[in-house]
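We did not get these values from a lab; they are worked out from the coordinates using the rules stated. For clarity, every value in this text was computed on a predicted model and none was experimentally measured. Cβ placement follows ideal geometry from the backbone for every residue including glycine, while neighbour counts extend to all protein chains displayed.
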Amino acid sequence: MHNNELPRTDYYENCAFLNEARRCVSAETARICRRVLSDAKYVSLDMDAIKRFVAGNYEREFNCPTWKAEFVFPENNEEFLEYIGICSAVNFAFTNFETPYGKYCIEFPEGKMHYGSNALGAALMRARSEGRPIFNFKYLASINLEEVSWIFRSCGENANIPLLNLRFRQMKSFGQTMLLLGYKNMADFLLAHDFFAFNHSFRGVVYEGFVDCLAEKFNSFYDTAKSKCGLVVHFNKRANLLALMYQARASRAGSKLTLLRDTKHIVPPADYQVPRALEGLGLIKYSDELKAKIFERKILSYGSQAEVEIRAANVVAMYILLERINRCRDSSNLPKKEITMCELDSFMWLAGRSIKTDLPHHLTRTTAY
């Protein structure tokens, strides 16, 4: 919150317009994704399967991730807040796009192996342990390709991190934009947005949320696609994931981090692991043509019809699951605590990594996810 602005936290719980604003943020994305699926060629939802899944799983424990894995995330909450900025800016593409399709892998410390997105986090923590000011915006704004290559050095030829040049540009752009907008660090960035993820209005004044700020002002977070019929879909996967990661740590017992004001309406992060879980569980269906392309490891272009349909199905299915699971939990004989997208996204993402299926995740050469 900037100087001379009215505080917006004291009215939060009783503010009717805010509930409406929240609905608009997520409802618009859901509405557009539903429209994409209404004319889809490659992907569909299986509502009967979703109904069966909800009936068989609504009573289970859905755990909120701690984001505290040793050597991957900072233990200290204040450091974690700074970490999620740069981590989210480069959190994409960990499977190489050429045979043998190796997964990014690093060893840190000696004898401890990390893969995929965990390897990304471990690489940042390794750089920090080596004295690199990896959370400092000025350092990121002036970083060079050689330095980025050293930070993300891997265990072997088939384990290199993909899209290194693009990752270098993302890191540099992230630091430069933060400095250009006048933010000293991530704590300053979230405080300036009063811990609102999305744009909202108060007394006729529109205030910016940090997810919308990242999506609209940072090239390093751009993630907007257009469907075949011209519908514009703002997936903003990494910006929404940043919000989920922060909220998960802020929700932990004893955490002194401020909870987000509008976390219930964060858009489900649309990537490649969650659709793999949804398809493997039978909740979404792929056409035979799309299945063959994914199985043969053919690259789906970012913004192509099939790729947009996969991500739209990801978003809609997760919204439906969240709403129906909570409805069942609330109406059961022994009502259970409502879950949020933090818990559901974590459950599905982990399922995507471990589910037994012959179909790998789809490949898209993009910085979006």
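Out of the residues in segment 219-243 that are farther than 15 Å from residue 84 by Cα and hydrophobic (A, V, I, L, M, F, W, C), which is surrounded by the most Cβ atoms within 10 Å (Cβ to Cβ)?
That would be 235.
So which residues in segment 203-227 are of a type in the set (A, V, I, L, M), in contact with a strand residue (DSSP E or B) (Cβ under 9 Å, 6 or more places away or on another chain) and not in a helix (DSSP H, G or I)?
Residues satisfying the conditions are 206, 225.
Working only within segment 328-369, note down all residues that are of a type in the set (Val, Ile, Thr) and either out of contact with any strand residue (DSSP E or B) (no Cβ under 8 Å at 6 or more places or on another chain) or more than 27 Å from residue 38 (Cβ to Cβ) (or both).
339, 340, 355, 357, 366, 367
Based on what the data block shows, is residue 303 over 22 Å from residue 262 (Cα atoms), surrounded by 14 or more Cβ atoms within 10 Å (Cβ to Cβ) and out of contact with any helix residue (DSSP H, G or I) (no Cβ under 9 Å at 6 or more places or on another chain)?
Yes: the conditions hold for residue 303.
Scan (1) in a loop (DSSP other than H, G, I, E, B); (2) over 27 Å from residue 94 (Cβ atoms); (3) within 20 Å of the chain's Cα centre (by Cα) for the single condition residue 197 breaks and write down its number.
(2)
Condition first: surrounded by fewer than 18 Cβ atoms within 10 Å (Cβ to Cβ) and under 16 Å from residue 317 (Cα atoms). Now tell me which residues in segment 57-70 satisfy that.
Within segment 57-70, just 57 meets the criteria.
Name the single residue that is farthest from residue 38 (Cα to Cα) among those in segment 282-327 being hydrophobic (A, V, I, L, M, F, W, C) and touching an Asp or Glu at 6+ places or on another chain (Cβ under 8 Å).
Among them, the one singled out is 295.
Tell me which residues, restricted to segment 25-46, are in contact (Cβ under 8 Å) with a residue 60 or more places away in the chain and either exposed (fewer than 14 other Cβ atoms within 10 Å of the Cβ) or β-branched (Val, Ile, Thr) (or both).
Result: 25, 29, 32, 36, 39, 41, 43.
Please state which one of 304, 255 is touching a residue at least 60 places away in the same chain (Cβ under 8 Å) and of a type outside the set (Phe, Trp, Tyr).
Going through 304, 255 in turn, just one is touching a residue at least 60 places away in the same chain (Cβ under 8 Å) and of a type outside the set (Phe, Trp, Tyr): 255.
Scan segment 339-355 for residues that are more than 18 Å from residue 66 (Cα to Cα) and surrounded by 13 or more Cβ atoms within 10 Å (Cβ to Cβ) and jot them down.
Answer for segment 339-355, where residues must be more than 18 Å from residue 66 (Cα to Cα) and surrounded by 13 or more Cβ atoms within 10 Å (Cβ to Cβ): 352, 355.
Every residue in segment 201-239 that is of a type outside the set (Phe, Trp, Tyr), within 21 Å of residue 190 (Cα to Cα) and in contact with a helix residue (DSSP H, G or I) (Cβ under 6 Å, 6 or more places away or on another chain), please.
Scanning segment 201-239 gives 211, 214, 215, 219, 220, 223, 236, 238, 239.
Look through segment 317-338, keep the residues that are surrounded by fewer than 22 Cβ atoms within 10 Å (Cβ to Cβ) and among the hydrophobic types (A, V, I, L, M, F, W, C), and return whichever of them is nearest to residue 251 (Cα to Cα).
322
Find all pairs meeting these conditions: Cβ atoms under 6 angstrom apart; at least six residues apart or on different chains; first residue within segment 148-177 and in a helix (DSSP H, G or I); second residue among the small types (Gly, Ala, Ser) and surrounded by fewer than 16 Cβ atoms within 10 Å (Cβ to Cβ).
Matching pairs, first to second residue: none at all.
For segment 332-359, which residues satisfy the criterion of being among the aliphatic types (A, V, I, L, M) and in contact with a helix residue (DSSP H, G or I) (Cβ under 7 Å, 6 or more places away or on another chain)?
Of everything in segment 332-359, those that are among the aliphatic types (A, V, I, L, M) and in contact with a helix residue (DSSP H, G or I) (Cβ under 7 Å, 6 or more places away or on another chain) turn out to be 339, 341, 344, 348, 351, 355, 359.
In segment 327-361, which residues are in a helix (DSSP H, G or I), of a type outside the set (D, E, K, R) and over 22 Å from residue 279 (Cα atoms)?
Those that are in a helix (DSSP H, G or I), of a type outside the set (D, E, K, R) and over 22 Å from residue 279 (Cα atoms): 328, 331.
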